[in-house]
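Throughout, read-outs are computed from the coordinates displayed, never taken from laboratory work. Everything numeric in this text was worked out from a predicted model, so none of it was measured. Methodologically, a virtual Cβ is constructed for each residue, glycine included, from the backbone with ideal geometry; neighbour enumeration extends over all protein chains shown.
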Amino acid sequence: MENTQFDYVIIGSGFGGSVSALRLAEKGYKVLVVEKGKWYRAGDFARTNWQFAKWLWLPAFRWFGIMKITIFRHVGVISGTGVGGGSLVYANTLPMPKPAFFQSGSWAKLADWQQELQPFYQKAVAMLGATKNPRLFDGEQALQNLAREIGQEHAFDATRVAVYFGEPDQTVDDPFFGGKGPERTGCNFCGACMTGCRHNAKNTLDKNYLYLAQQHGAQILAEQEVVDVRPAGAPDGADGYEIELRSATRFFKKRQVLRARGVIFSGGVLGTVKLLLKLRRRSLPRLSDMVGREVRTNNESLIAVTQLDQSADWSKGIAIGAIVQTDEHSHLELCRYGAGSGAWRLTFLPFVEGRNMLVRMLKMAGDVLLHPVTYWRYFRVKDWAKSSTVMLFMQTLDSTVTFQRSFWGGLRTQIVGAEKPTAFIPRAIELARRFEKLVGGKAMAFGLTPLAGIPGTAHILGGAVMGDSPETGVIDRDNHVFGYQNMLVCDGAMISANPGVNPALSITAIAERAMHNIPPKA
Ligand SMILES: Cc1cc2nc3c(=O)[nH]c(=O)nc-3n(C[C@H](O)[C@H](O)[C@H](O)COP(=O)(O)OP(=O)(O)OC[C@H]3O[C@@H](n4cnc5c(N)ncnc54)[C@H](O)[C@@H]3O)c2cc1C
Ligand code: SF4
């Protein structure tokens, strides 16, 4: 890069970062987006998730894929990496949270959020090209049957998703932005959204916000990780910042320093909170003590169910085709992978609940001994993706963990006087058992859940929440970091309550509002 002076440097290119890039570039600012992950084109994505190097982000193995798995003591997190952040790996689903989200948590008293955010939700829906899933397949049918069985069929619906549903496999000129966007191809319902859409049908951020931001002059620098942000003069950043980067994919990590008037932290919860905790020790000592506090998991549970007679093909459709509200506080979705993507089964163990590891291990052994035929049939399933679905259960009920800096400089979790997330939510277990019976299936879960009692989540949120002062939050109601000028947090870390549904739409809407409040460049 020849010119190293910018108005704004944006750290991370996920939902918050992409919105920031477009809106600031439109307002005349000189913008650079720095992204740790790779820049994937449609044909680059893994054909199935057995292609680990393209699916998983594990730089130590030289795997630079789109999904990162991070295991902490109290939660296992899956998140996205690459130009477009979590949009590359996510399941496209964009529901609206219930009113409880806007009225709880540390942001509740700062505004009438439901009303204030309404126009920004509309904007986000339009920009992400979100529309109702037009086709229900075997998997959705199974969910509808479960909804009927629990008396909630009225609360079953097709999902609203960010997918282009033109003629399957037919490419057309930009259908979303009056010709200013890229060509797109109609979805063919292959089910592979979570390994990356190879068909140019999924509305990932590189096809909307980031694409348009580039038209307005924003630059995107991939495979570079921001490792330091320090005031360039005045300690509150009034003279701008120095931002230090290093290669995220090369062995020899050459460093580079840029200057910018403002900085937007958009590295997702794991990227932003890790960086802020590090910077608070030296470069940005004015950061609030609230950094890392109030991290939420959407009170989530992920349980896979495999149908043993292999009669239906659950791999057909989009990644999440339907949703059902199972009670006042909870939603359930079934997630699919495309045919052939069966790698998760390597990590799965029988789903059992129990007080401690010993009890759970005994239960697992007992289950295998008592049901040898079931397990024999389970291991004989030819294509896991065709016969399996992951039940994604989410709740608005609150539970939090705290992120702290570990001895090695990474993140570790702690429970600080709050309700902690649990791997064994009674309602989720009840639904999984009912579904098992309904479809003649076997419930399995990511090994750490039955072994160590650690819940998994795809929706890690918070850690730099909103408050009315540095004592109650890291950022104010307009996303500005307390103690510093022209510094904002715009990503999942800003989410200050449990949405109880998939959060990307809310992240996009809140980022839209934060950017709306920044004046155009003078
Ligand atoms: C398998 C899966 C399925 C999901 N499905 C859905 C769904 O259907 N609907 C939904 O709403 N949500 C879904 N999610 C969650 C959704 O992807 C996230 O909530 C969302 O992406 C978070 O957005 P963000 O703005 O916080 O940042 P992210 O999208 O997480 O992006 C952050 C980016 O910053 C980069 N970064 C981090 N640190 C640095 C650094 N120091 N320097 C440079 N770059 C950095 C990262 O590489 C990443 O690309 C899913 C997640 C997963 C893993
Ligand atoms: S179902 Fe297939 S074609 Fe459609 S968006 Fe998902 S990956 Fe792309």
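Tabulated values for the structure
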{"read-out": "log₁₀ of I(q)/I(0) at q = 0.11, 0.14, 0.22 Å⁻¹ - the stretch 423-522, Debye sum with one point per alpha carbon", "value": "-0.52, -0.70, -1.11"}
{"read-out": "Filtered trypsin sites (Lys or Arg not before Pro), the stretch 413-522: DSSP coil and at most 16 other beta carbons within 10 Å", "value": "521"}
{"read-out": "Under 14 Å, Cβ to Cβ, from residue 385 - net charge with Lys/Arg +1 and Asp/Glu -1", "value": "+3"}
{"read-out": "Ascending count of other beta-carbon atoms within 10 Å, so fewest first, for 241, 211", "value": "211, 241"}
{"read-out": "Taking all pairs of distinct alpha-carbon atoms in the stretch 184-257, Kirkwood radius in angstrom", "value": "15.7"}
{"read-out": "Given 132/180; 54/254; 27/420; 27/316, the pairs whose alpha carbons are separated by over 32 Å", "value": "27/420; 27/316"}
{"read-out": "Principal semi-axes in Å for the stretch 380-465 [√(5λ), Cα gyration tensor, largest first]", "value": "30, 16, 11"}
{"read-out": "Label-point separation, residue 247 to residue 311 (7 Å along Cα→Cβ), nm", "value": "5.6"}
{"read-out": "Ellipsoid equivalent to the stretch 5-516 - semi-axes via the Cα gyration tensor, in Å", "value": "36, 26, 22"}
{"read-out": "Per-selection Kirkwood Rh - the stretch 134-217 (Cα, Å, 1 d.p.)", "value": "14.7"}
{"read-out": "Relative contact order [Cα under 8 Å, 6+ residues apart], the stretch 5-516, whole percent", "value": "23"}
{"read-out": "Residue-averaged 222 nm ellipticity for the chain, from DSSP H runs of 4+ at -39500 (n - 2.57), nearest 500", "value": "-7000 deg cm²/dmol"}
{"read-out": "The stretch 1-140: C-alpha pair distances exceeding 20 Å, %", "value": "64"}
{"read-out": "Cα convex hull of the stretch 328-392, projected area averaged across orientations, nm²", "value": "6.0"}
